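FYI, it's all coordinate maths here, none of it is from the lab. Given the structure is predicted, the values throughout are model-derived calculations rather than measurements. Here the Cβ positions follow ideal geometry from the backbone for every residue, glycine too, while neighbour counts run over all protein chains shown.
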Amino acid sequence: MSTQVSEITGGATHLGGRVWRLGGTIHLNDQVSWCPEGADRDQEVSCYLIKGPSGSVLVDSGIRQHEALIVKQLGELLEPGEPVAIVLTRTEMECCLNIPALEEKFSVESVWYTGGITVPRARAATHRIQVAPGTSQIEEIMPGIMLEFISPLFRLLPTFWIHDAQSRVLLTSDAFVHVHEGGGDPVEGLTKFKWLELAQTADIAKEIFDTVASREIEAIGPGYGAPIIGGNNCLVEARRLSASVLSVGIV
Amino acid sequence: MTNLEPRMLANGVAWLGGCLTANAQGTAVHYHVSCYLVVGSDRTLLVDTGDPAHRDIVMEQVSAVLGDRPLDYVFPTHPEIPHAGNLPALLDAYPYAKVVGDVRDYALHYPEYVDRLQAQEAGSSIDLGDRLFRFLPAHIRDLENTLWGHDSGSRMMFVSDGFSYIHDVPAPDGEDDDEPVHLPGQCLLLSGEMPEPPSVDQAAYGTGRALYWTKFVDVSYAFSEIDKVLDELPTSLIGPAHGNVIDDVNGMLRTSLAAHRLVYGSK
């Protein structure tokens with residue numbers, strides 16, 4: 001497989017355009033619920049910063065195990081007092097538990113999310129966005145940062161994929177999580193989605209590929225697993241993931 | 001928030017937590033975020049932690065029920081905010097309490113408490129003294145690392161996101177909500193104490209939104225498995241996290257299965 005894997009260091013890494021990857025690695029083993037059977041390796045767990053002209057958008061807040069690292073990385077990328085909006089791709093714990101710590105350190109003005117009951121935050125305003133599965137909606141989250149909120153059919157809980165057209169980056173939450181330095185079988189990224197094995201998945205599989213193919217995507221940033229860099233690689237991985245989703249479903 | 005006082009449900013089980021409020025076409029409606037405290041003769045166990053929005057309430061309720069006794073176990077049915085979000089407060093207040101259940105991922109979320117995690121698998125149990133608390137497979141769930149539970153002393157089954165339903169109210173205005181709702185004043189009623197038993201449409205409303213995948217999957221197989229569990233474990237009450245406690249177990253099983261079939265057929 002030719003897909004590139006971004007270098008992981010202690011600092012943020014540039015994903016493309018105005019988008020930066022933040023976070024670190026975890027040890028992926030049987031103590032992690034999304035671990036494929038038998039896996040025993042390190043895995044990137046990420047959130048992403050989209051830098052705007054007068055404020056930035058943080059997509060997810062990272063896992064709490066990486067709280068100090070993410071605070072450090074954000075401190076290096078944000079100007080003092082720079083307004084920040086947080087967009088949650090899901091309201092699961094790996095996406096939102098660092099919000100209170102980030103509120104303490106940075107000027108977090110708002111939290112945007114879908115589904116779920118509450119999100120942990122102290123002061124930031126909340127905005128709930130409703131997008132029907134299989135459709136998308138464009139919102140200006142910060143001046144100069146227009147983001148497309150894609151509500152994928154391929155999901156467990158209410159989920160957004162975030163598309164920054166200016167950067168040609170697609171942030172895919174708990175999808176496209178299979179790539180790692182040693183390769184990556186897309187079926188390994190379906191551990192969380194066991195329900196697919198009991199469902200007719202043709203429409204879901206088609207939508208995965210179409211979502212990438214119908215947009216100019218140069219990088220895919222998943223919530224965990226290595227980012228996918230390069231337009232052709234994104235298409236290749238979209239096709240592979242789509243095929244895997246189709247293969248595990250019932251006819 | 002409405003229900004500030006715990007309701008003692010049965011022998012040694014208290015219904016805790018509270019409701020969050022939404023607006024439905026000018027009318028306030030509620031949705032439950034419940035947790036349940038099981039008080040055995042030797043040990044105590046809390047099923048789910050309640051939502052952080054109710055942290056102070058839950059802490060007071062737990063303390064009121066326990067009195068001078070310690071909390072020995074916290075069993076978050078799965079690692080989502082409404083089910084596990086109060087873990088830090090509980091573990092700080094009860095320094096000898098262990099987190100039990102499928103504890104995968106908690107080290108990522110709460111690394112400072114990693115030495116207090118005690119894994120339990122479906123089929124295992126904890127002896128609370130005069131009762132046995134069993135960990136069960138979660139036959140209706142969202143996250144894979146979800147477990148249900150059963151307390152022999154009260155004959156109560158704890159089903160997390162399963163068996164949720166709305167009651168007699170419309171969806172909150174302008175929102176495609178994903179939690180079951182009810183009217184103020186109905187927060188601590190058993191399903192049999194409500195003005196009407198839950199209908200198939202009401203159960204389907206919550207099911208279709210909270211458990212998206214059930215639109216694609218015929219869950220009849222899961223209800224067969226639930227039937228087997230109920231055959232083995234006498235059950236008088238079912239405690240969902242997001243709905244009134246169910247006292248008509250057989251009736252709700254039929255309603256819930258019909259609701260799932262409605263949701264599956266509607267995609």
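Does anyone have the angle between helix B:249-265 and the longest principal axis of chain B? Alpha-carbon axes, 0 to 90°, nearest 10?
The angle comes out near 60 degrees.
Distance cut-off 26 Å, Cα to Cα: go down the list A:K51/A:K105; A:K194/B:K215; A:K192/B:K215; A:K51/A:K72; A:K206/B:K215; A:K194/B:K98 and report the pairs above it. Spell out each step's value before the answer.
Numbers: A:K51/A:K105 17 Å; A:K194/B:K215 14 Å; A:K192/B:K215 17 Å; A:K51/A:K72 16 Å; A:K206/B:K215 17 Å; A:K194/B:K98 29 Å.
Table pairs above 26 Å Cα-Cα are A:K194/B:K98.
Mind checking the mean number of beta-carbon atoms from other chains within 10 Å of the Cβ atoms in A:60-67? Let's see the in-between values first.
Details: counts 0, 0, 0, 5, 6, 7, 2, 1.
Other-chain Cβ atoms within 10 Å of each residue's Cβ, averaged: 3.
For segment B:26-151, what relative contact order do you get, as a whole percent, if you take Cα pairs closer than 8 Å and at least 6 residues apart?
Working: 226 pairs, mean separation 28.0, N = 126.
The normalised contact order for segment B:26-151 reaches 22 percent.
Taking the convex hull of the alpha carbon atoms in chain B, what volume per residue do you get, in Å³? The partial results should precede the final answer.
Values: hull volume 30.9 nm³, N = 267.
Cα convex hull per residue, to the nearest whole number: 116 Å³.
When only DSSP loop residues count, what GluC sites (Glu not before Pro) in segment A:75-182 have their Cβ near at most 16 other Cβ atoms within 10 Å?
Values: sites: A:E76, A:E92, A:E94, A:E103, A:E104, A:E109, A:E139, A:E140, A:E148, A:E181; in loops: A:E92, A:E181.
Those satisfying the criteria are A:E181.
If you count, for every residue in B:138-144, the Cβ atoms of partner chains within 10 Å of its Cβ, what is the mean? Please report the intermediate quantities before stating the final value.
Details: counts 0, 0, 0, 3, 5, 7, 8.
So the per-residue partner count for this stretch is 3.
Could you run the Karplus curve 6.51 cos²θ - 1.76 cosθ + 1.60 with θ = phi - 60° over segment B:83-90 and give me ³J(HN,Hα) per residue in whole Hz, x for Gly and Pro?
Ordered by residue, 3J(HN,Hα) equals 10, 9, x, 9, 4, x, 5, 5 Hz.
Out of every Cα-Cα pair in segment B:41-161, what percent are more than 25 Å apart?
16 percent
What nm value, rounded to one decimal, do you get for the distance between A:T25 and A:D203 when each label is placed 7 Å out toward the C-beta?
So the label points at A:T25 and A:D203 sit 4.1 nm apart.
Restrict the search to segment A:51-96; then list the trypsin sites (Lys or Arg not before Pro) that DSSP places in a loop and that have at most 10 other Cβ atoms within 10 Å of their Cβ.
Those that pass, being in a loop and sparsely packed, number zero.
When the Debye formula is applied to the Cα atoms of the protein assembly as shown, each taken as the same point scatterer, what base-10 log of I(q)/I(0) results at q = 0.06, 0.10, 0.13 Å⁻¹?
Treating every Cα as an identical point scatterer, log10 I(q)/I(0) equals -0.27, -0.77, -1.31.
Find which of A:G23, A:A243, A:T89 sits farthest along the positive direction of the dipole of chain A, computed with +1 on the beta-carbon of Lys and Arg, -1 on that of Asp and Glu, about the Cα centre.
Comparing the listed Cα positions along the dipole, A:T89 ranks first.
Taking amide H atoms as placed 1.01 Å from N in the peptide plane, list the residues 5 or more away in sequence, or in a different chain, whose amide H sits under 5 Å from that of B:R7.
B:W15
Might you report the magnitude of the Cβ-based charge dipole of the protein assembly as shown about its Cα centre, with Lys and Arg at +1 and Asp and Glu at -1, to the nearest 20 debye? Intermediate results must be reported in sequence, preceding the final value.
Details: 36 positive and 69 negative charges, 77 e Å.
In total the dipole reaches around 380 debye.
Out of the DSSP beta bridges found with both residues in segment A:30-135, what percent are antiparallel (nearest 5)?
Close to 25 percent.
Under the rule of at least 5 residues apart or a separate chain, name every residue whose amide H is placed under 5 Å from the amide H of A:I217.
Counting only residues 5 or more places away or on other chains, the set is empty.
Would you mind giving the mean number of other chain beta-carbons within 10 Å of the Cβ of each residue in B:103-115, as a whole number? Walk me through the intermediate numbers first.
On the way: counts 2, 7, 10, 3, 7, 12, 7, 4, 5, 2, 0, 2, 0.
If you average over the peptide's residues, the count of other-chain Cβ atoms is 5.
Taking θ as phi - 60°, what are the ³J(HN,Hα) couplings along segment A:71-78 by the Karplus curve (6.51, -1.76, 1.60), each to the nearest whole Hz, with x for Gly and Pro?
Those phi angles translate into 4, 5, 5, 5, x, 7, 9, 9 Hz.
Give me the dipole magnitude in Debye, nearest 20, for segment A:127-237 about the Cα centre, with unit charges on the beta carbon: positive for Lys and Arg, negative for Asp and Glu. Please list the in-between numbers first.
Working: 7 positive and 15 negative charges, 53 e Å.
Here the size comes out at about 260 debye.
Taking every DSSP beta bridge with both residues inside chain A, roughly what % is antiparallel (nearest 5)?
Numbers: 35 of 53 bridges.
Of all bridge pairs located within chain A, approximately 65 percent are antiparallel.
So what's the angle, to the nearest 10 degrees on a 0 to 90 scale, between helix A:202-213 and the longest Cα principal axis of chain A?
50 degrees
Using the count of nearby Cβ atoms within 10 Å as a rough guide to exposure, how do B:V114, B:V159, A:V19 rank from fewest to most?
Details: B:V114 14, B:V159 28, A:V19 24.
Sorted ascending by nearby Cβ count, the order is B:V114, A:V19, B:V159.
Tell me the angle of helix B:55-66 to the major Cα principal axis of chain B, expressed in degrees between 0 and 90 and rounded to the nearest ten.
60 degrees
Between B:S124 and residues 5 or more places away or on another chain, which pairs have amide H atoms under 5 Å apart, with H built 1.01 Å from N, and which residues are they?
B:F135
For the protein assembly as shown, give me the percentage of DSSP beta bridges that are antiparallel, rounded to the nearest 5 percent.
Details: 67 of 97 bridges.
Around 70 percent of the beta bridges assigned by DSSP in the protein assembly as shown are antiparallel ones.
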